[in-house]
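One structure below.
Nothing in this text is a laboratory measurement; each read-out follows from the coordinates by a stated rule. The structure presented is a predicted model; accordingly, all values stated were derived computationally and were not measured. Cβ placement follows ideal geometry from the backbone for every residue including glycine, while neighbour counts extend to all protein chains displayed.
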Amino acid sequence: MKICSAPWFNLTIHSSGKAVMCCIDYKLEYIVGDTNEQTLEEILYGEILERVRQQHLSGSLNFSPCNKCINKHYYMDRDEILDRWNKSNEIYKRKI
Ligand code: SF4
């Protein structure tokens, strides 16, 4: 099953410093963090992006901008996303 991988492997920073899941959200409809107040690590591993990842995994994309998104550019196999995410977390944990 393919789902959007953007909440795992993509982060877009607006010129204001606000972070969103992807460039589709240029209107800042779903802010996942703020680089004026948080590090990238805090945003990437924070509660908001984790919640969004769970929503993507469960298929309950009943929020904007994902509920109206037609972009398939980031679509990947669900198991491959989780496999890559787990591997990148292992590498990240070894570095800190
Ligand atoms: S579904 Fe669309 S709007 Fe939502 S994160 Fe993926 S690319 Fe972005």
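Using the count of nearby Cβ atoms within 10 Å as a rough guide to exposure, how do Arg78, Arg94 rank from fewest to most?
Fewest to most other Cβ atoms nearby, the residues stand as Arg94, Arg78.
List the chymotrypsin sites (Phe, Trp or Tyr not before Pro) in region 46-89 that DSSP assigns to loop (not H, G, I, E or B) and whose Cβ has at most 13 other Cβ atoms within 10 Å. Which are they?
Phe63
Sort out for me the Cα centre separation of region 48-66 from region 1-26, rounded to whole Å.
12
With 10 angstrom as the radius, rank His56, His73 by how many other C-beta atoms surround their C-beta, starting from the fewest.
In increasing order of surrounding Cβ atoms, one gets His73, His56.
How long is the gain from Glu29 to Asp77 if the chain were fully straight, where each residue apart is worth 0.36 nm and the alpha carbon distance is subtracted?
14.7 nm
How many percent of all Cα-Cα pairs in region 54-96 sit more than 13 Å apart?
Considering region 54-96, 67 percent of its Cα-Cα pairs are separated by more than 13 Å.
How large is the convex hull of the C-alpha atoms of the chain per residue, in Å³?
Looking at the chain, the number lands at 97 Å³ per residue.
Per DSSP H run of n ≥ 4, the term is -39500 (n - 2.57); total these for the chain, divide by its residue number, and report the mean residue ellipticity at 222 nm rounded to 500 deg cm²/dmol.
-12000 deg cm²/dmol
Can you list the lysines whose alpha carbon is less than 21 Å from that of Lys2, not counting same-chain residues fewer than 8 positions off?
Lys68, Lys72, Lys87
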